[in-house]
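Below is one structure, written out as structure tokens; comments come after it.
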Amino acid sequence: MTESWIILGATSSMARAFARALAKRGDAVFLAGRDMDDLNATAQDCSARGARLAEALTFDAREPEGFPALVARLEQEDGQINAAVFVGSMPEQSAIDADPGLIDGVITDNFTGPARLLQLLTPALEARGSGTVVGVGSVAGDRGRVGNYVYGAAKSGFHTYLAGLRNRLTRSGGHVVTVKPGFVDTAMTWGIEGMFLVAPPDKVADDILKAVAKKRNVIYTPFFWRYIMLIIRSIPEPIFKKLSI
Amino acid sequence: MRWKRTDYSGWGRALRASAEIARPERQSALKQLVAESPAPAIGRLRSYGDAALNDGGRAIDMTRLDRILGFDDVSGVVEVEAGAMIGDLGRIFAARGWIPPVMPGTGFATVGGCIANDVHGKNHHVVGSFGQHVTEITLLQGDKERTLTPDGTTDVFRATVGGLGQTGIIARAKIRLMPCRGDMMVLTERRVDSWDEFLSVLETSRADYNVGWIDATASGASFGRGILEEGEITSGVSPTKGKAREVPFNAPHWALSAPVVRAFNEIYFRRVPQGGRTTVKPISAPFFPLDAIHNWNRLYGKRGFHQFQCVVPVDQTPALRNMLDLIANSGLASPLAVLKRMGEGRGGYMSFPMDGYTLAVDFPNRSGARLLIGTLERMTEDAGGRIYFAKDALSEPGRIAAMYPEHGSWLKAATKADPEGALITDLVRRLNLRNAK
């Protein structure tokens with residue numbers, strides 16, 4: 001059966017790699033984001049690589065007025081409909097310290113924006129009795145750290161939202177995969193000091209697709225981050241609060 | 001855009017550089033970058049020497065701009081971003097009946113690199129060079145975006161094809177693909193017993209694709225022996241291929257020592273039965289035989305290797321014979337040695353091909369090999385031939401002008417396009433290509 005996917009934040013290199021992987025299987029992909037020139041380029045690329053349909057759609061996490069139109073477009077497709085959320089923004093913590101007003105935007109981009117859209121989409125998935133939601137969070141959401149705790153808090157909120165949505169969609173035959181990537185080789189991490197074990201976006205896309213097929217609930221990608229985060233989460237707070245990791 | 005301090009090298013790993021590298025993921029980011037801080041564009045670093053190096057400077061990594069932007073299934077013209085890999089295009093389009101007309105020896109080469117080095121393939125005698133199939137180039141020069149075509153902007157187009165990236169940053173290009181019957185190739189291999197026979201079979205081969213593997217260690221009666229490979233594309237769609245292998249670490253220095261290479265070559269030669277053989281393979285196998293082993297350059301150890309590649313005019317085969325003789329007697333050659341008849345097709349002022357014979361031989365990076373390559377370069381120059389910039393790591397400024405008679409036209413275009421010299425690479429610096437003689 002042919003599937004249709006809406007990919008939120010499709011200009012990111014992780015999303016691009018995921019869209020390509022879907023295109024290769026012949027799925028329909030709706031690439032949603034703000035930079036239409038870039039999205040159109042990716043849509044052409046997906047078509048050439050075998051997508052049944054590839055379309056660029058405008059999506060801005062901070063402008064929810066546009067959300068119903070996106071959901072309506074997706075509902076026009078027959079068969080299973082799915083969503084993958086790659087949106088996010090990560091200003092430097094120091095920029096946030098200088099201007100706490102940035103917090104609202106971070107929370108909207110990483111959590112409430114995509115959550116609002118998923119909330120609108122959920123009844124459609126329930127009605128069809130199928131569908132997968134992939135939510136890309138972050139290992140940063142597993143524990144608040146001095147370096148990026150606002151971003152981490154937004155991702156953490158998103159993780160909790162996804163867990164609840166999973167609980168809800170399971171009842172109607174749908175599924176939610178929470179993806180927690182470690183360091184991925186994207187424009188976001190390029191040239192930043194202290195990066196290690198950086199994974200290529202294709203590898204992450206591949207891991208996500210496998211997790212979707214196997215109906216995994218929460219995955220870390222690459223897998224070893226599960227263990228790294230296990231250690232980080234298990235450090236007692238009295239000690240953790242004195243560390244800078 | 002953040003810049004990342006990176007140590008990197010060409011494919012031969014003998015020359016190295018340390019540079020600050022930016023890696024844009026969108027065309028808009030690339031445009032801004034080139035306007036604000038122009039630097040040489042680099043791809044997957046498959047040129048052997050220093051064509052992609054800019055030691056102590058900056059470079060723009062194009063590999064994330066690798067999308068297919070459009071395809072016209074009537075004309076076969078495909079538009080791609082410059083970082084797209086040529087092997088990917090082959091894989092994607094061959095099953096639909098189209099193929100890039102020119103495929104270099106590695107599928108990892110990017111389209112931008114294929115243009116900037118005006119690469120050739122095993123069918124050069126039939127279709128000419130890569131640049132001859134490019135119908136349009138979108139070039140970024142500072143804050144200007146220019147659209148180049150072979151007929152509309154002939155001068156800068158010819159300076160860009162084979163132009164080593166000196167006229168601007170290639171952002172996108174259109175290439176006219178060639179119709180093909182499928183993505184399988186009928187490959188015929190037969191033994192060739194001597195040098196004279198090799199020249200004659202290369203001259204008379206009627207196959208679309210052909211190349212000679214030559215045993216660069218054989219001397220005496222078996223001098224010039226090798227295997228002629230001829231290929232024709234055929235119908236059928238290849239099954240998904242197996243996983244690529246990888247050379248996990250640097251091999252020790254004796255891995256490619258003379259006795260090992262001689263033994264390997266003996267086996268490689270005898271592997272093809274006396275009467276020849278014909279097989280059907282997915283096209284990637286004969287096009288990109290070495291791509292199946294990732295990082296095969298590590299076989300040469302941490303000191304790396306050099307490839308010498310020259311082309312000499314048709315009437316200069318005695319000079320080529322002398323070169324091979326010198327190589328065979330040196331005991332320095334690796335198993336990788338290739339002889340091919342080229343046609344005259346070339347797309348730019350600084351393009352490598354000429355009507356004649358090309359010889360390519362790999363050598364481990366040792367002082368003896370470097371001396372030998374210097375000698376081979378002089379012999380090439382005396383024979384009225386050329387050395388290939390995409391492979392070169394050792395040549396000197398004085399030699400180039402005679403080999404590339406259109407250098408003056410290229411230099412004028414490059415100077416006009418990049419008066420500050422922001423796009424100069426280590427290769428261009430080493431060979432003094434951007435300074436008038």
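Here, each number is a calculation from the coordinates, and none is a lab measurement. Source: prediction; values computed, not measured. Virtual Cβ from ideal backbone geometry, glycine too; neighbours counted across all protein chains shown.
Values computed for the structure shown
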{"item": "A:Ser244-A:Gln119 FRET efficiency (beta carbon distance; Förster radius 30 Å; 0.05 resolution)", "result": "0.20"}
{"item": "Once exposed loop GluC sites (Glu not before Pro) are cut out (DSSP; at most 13 other Cβ, 10 Å), longest piece of chain A", "result": "A:93-192"}
{"item": "Square roots of 5 times each gyration tensor eigenvalue, C-alpha, the protein assembly as shown, largest first, Å", "result": "49, 27, 25"}
{"item": "Cα-based reach from A:Lys210 at 13 Å (exclusive), listing aspartates and glutamates while leaving out same-chain residues under 8 positions away", "result": "A:Asp202"}
{"item": "10 Å Cβ shell holding at most 14 others, DSSP loop, chymotrypsin sites (Phe, Trp or Tyr not before Pro): longest site-free stretch of chain A", "result": "A:1-195"}
{"item": "GNM result for chain B, Cα springs below 10 Å: residue of B:Gly356, B:Gly12, B:Gly43 fluctuating most strongly", "result": "B:Gly356"}
{"item": "Calculated FRET value between B:Val314 and A:Gln76, using beta carbons and R₀ = 51 Å, to 0.05", "result": "0.20"}
{"item": "Spatial extent of region B:344-393: Rg and Dmax, with the Cα atoms as the point set, Å", "result": "12.1, 35"}
{"item": "Residue of B:Met178, B:Met342, B:Met350 that the Gaussian network model of chain B assigns the largest fluctuation, springs spanning Cα pairs under 10 Å", "result": "B:Met178"}
{"item": "Dipole magnitude of the protein assembly as shown about its Cα centre (Cβ charges: Lys, Arg +1; Asp, Glu -1), debye to nearest 20", "result": "1980 debye"}
{"item": "Debye log10 I(q)/I(0) at q = 0.18, 0.22, 0.24 Å⁻¹ for region B:1-108, Cα point scatterers", "result": "-0.93, -1.15, -1.25"}
{"item": "Fluctuation leader among B:Ala82, B:Ala19, B:Ala390 - chain B, Gaussian network, Cα springs under 10 angstrom", "result": "B:Ala19"}
{"item": "Counting all C-alpha pairs of region A:149-245, share separated by more than 16 Å (%)", "result": "67 percent"}
{"item": "Region B:121-164: radius of gyration over Cα atoms, expressed as a fraction of 2.2 N^0.38 Å", "result": "1.29"}
{"item": "Principal axis dimensions, largest first and in whole angstrom, of region B:187-237 by Cα", "result": "43, 20, 12"}
{"item": "Convex hull volume per residue for chain B, taking Cα atoms only, in Å³", "result": "134 Å³"}
{"item": "Radius of gyration and Dmax over the Cα atoms of chain A, both given in Å", "result": "17.5, 55"}
{"item": "Size of electric dipole in region B:216-328: Cβ of Lys, Arg +1 and of Asp, Glu -1, about Cα centre, debye, nearest 20", "result": "480 debye"}
{"item": "Calculated FRET value between A:Met195 and B:Arg16, using beta carbons and R₀ = 25 Å, to 0.05", "result": "0.70"}
{"item": "Stretchable slack from B:Gln274 to B:Asp193, in nm (0.36 nm times residue separation minus alpha-carbon distance)", "result": "28.1 nm"}
{"item": "Pairs from A:Lys203/B:Lys4; B:Lys302/B:Lys412; A:Lys180/A:Lys242; A:Lys180/A:Lys241; A:Lys241/B:Lys4 whose Cα-Cα separation, in the structure shown, is over 29 Å", "result": "B:Lys302/B:Lys412; A:Lys241/B:Lys4"}
{"item": "Computed lengthening from A:Arg62 to A:Arg145, 0.36 nm per intervening residue step minus Cα-Cα distance", "result": "27.3 nm"}
{"item": "Cα-only Debye scattering, region A:160-216: base-10 log of I(q)/I(0) at q = 0.15, 0.31 Å⁻¹", "result": "-0.57, -1.19"}
{"item": "Charged-residue dipole, Cβ positions (Lys, Arg, Asp, Glu), region A:66-122 about Cα centre, Debye nearest 20", "result": "180 debye"}
{"item": "Loop-exposed trypsin sites (Lys or Arg not before Pro) per DSSP, neighbour cap 14 Cβ within 10 angstrom, longest uninterrupted part of chain A", "result": "A:63-170"}
{"item": "Rg to Rh quotient for region A:57-203, alpha carbon positions, Kirkwood Rh", "result": "0.99"}
{"item": "Residues of type aspartates and glutamates that B:Lys174 reaches as a straight line, Cα spacing below 12 Å, ignoring anything fewer than 8 places off in the same chain", "result": "B:Asp72, B:Glu79, B:Glu81, B:Glu136"}
{"item": "Spatial extent of region B:46-186: Rg and Dmax, with the Cα atoms as the point set, Å", "result": "14.6, 48"}
{"item": "Using alpha-carbon coordinates, inclination of helix B:407-417 to the longest axis of chain B, degrees", "result": "30 degrees"}
{"item": "Sorted by Cβ neighbour density within 10 Å, fewest at the top, the residues B:Met85, A:Met188", "result": "A:Met188, B:Met85"}
{"item": "Kirkwood estimate for region B:259-306, i.e. one over the average of 1/r between Cα atoms, Å", "result": "13.4 Å"}
